[in-house]
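One structure below.
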Amino acid sequence: MALTATIYNFDVELTDTDRHVYKSLALRLARHPSESEEYLVARLIAYLLEFAEGIEFSPRGLSSADSRLPDPGPRIPDPGSRVPSPA
């Protein structure tokens, strides 16, 4: 039987006075069975450090073999860009 992802809920009060960002965030992150807790927290910190309106984790999962999709880290999509959908 395959292991399933574990969902973690984070409630974060983000305050970045240098960038004038003040947000209350309720985030749900999925931890893949092969992912360490340290990597999950690193993804969360990267998301918070780069936070901007429209930021999202890429649609590619950790175990996706589709190389056309971006890496699974956070990204801010360019309004004119398109991410190819998986075939």
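Can we say residue 10 is of a type in the set (A, V, I, L, M, F, W, C) and touching an Asp or Glu at 6+ places or on another chain (Cβ under 9 Å)?
Working: of a type in the set (A, V, I, L, M, F, W, C): yes; touching an Asp or Glu at 6+ places or on another chain (Cβ under 9 Å): no.
The answer is no for residue 10.
Which of the following residues is modelled with pLDDT under 90 and surrounded by fewer than 12 Cβ atoms within 10 Å (Cβ to Cβ): 53, 37?
Details: 37 fails: modelled with pLDDT under 90.
None of the other options fit; the residue is 53.
The values are calculated or read from the model by the stated rules, or taken from the named source; none is laboratory data. Computed from a predicted structure; not experimentally measured. Note: ideal-geometry Cβ built from the backbone for every residue, glycine included; neighbour counts use all protein chains shown.
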